[in-house]
Amino acid sequence: MNTIVGAFVAMVIAVLTASLALLSGPEITSLGDITGLQWVILIIGGLVTFFKDFQAISARRLVNKVTGSGDGGGTVG
């Protein structure tokens, strides 16, 4: 569960950051000025961020399980 929550938090941060950058554009004065294509790009970017972080957290947990260490590294024994 913490893997999903961690990836979701990363996605929310990325989407909010991208939204703020988009809203600071010279021709954007309200949410209604954002085009459908821009919304699609924003959502896809959020999903990519979610899956990237989900994969990274999952891989780190697997490495910890295999190596018996808590730092994501160690030696296989």
Q: Please identify the pairs in which a residue from the stretch 1-19 that is over 21 Å from Ala59 (Cβ atoms) has its Cβ atom under 8 Å from the Cβ atom of a residue that is part of a helix (DSSP H, G or I) and of a type in the set (Ser, Thr, Tyr), counting only partners at least 6 apart or on another chain.
A: Val15/Thr49
Q | Inter-residue pairs, beta-carbon under 9 Å, first at pLDDT below 95 and in the stretch 21-49, second exposed (fewer than 11 other Cβ atoms within 10 Å of the Cβ) and not hydrophobic (A, V, I, L, M, F, W, C), 6+ apart | A | Leu23/Thr29; Leu23/Ser30; Asp33/Glu27
Q: Please go through the stretch 18-28 and pick out each residue that is assigned to a helix (DSSP H, G or I) and surrounded by 12 or more Cβ atoms within 10 Å (Cβ to Cβ).
A: Ala18, Ser19, Leu22, Leu23
Q) In the stretch 29-55, what count of residues is obtained for those that are outside any helix (DSSP H, G or I), of a type outside the set (Gly, Ala, Ser) and surrounded by fewer than 13 Cβ atoms within 10 Å (Cβ to Cβ)? A) 2
Q.
Against the conditions (1) modelled with pLDDT under 90; (2) within 16 Å of the chain's Cα centre (by Cα); (3) of a type in the set (Gly, Ala, Ser), where does Gly68 fall short? Just the number, please.
A. (2)
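The values are calculated or read from the model by the stated rules, or taken from the named source; none is laboratory data. As the structure is a computational prediction, the values presented were derived from the model and not from experiment. Backbone-built Cβ (ideal geometry, glycine too); neighbour counts: all protein chains shown.
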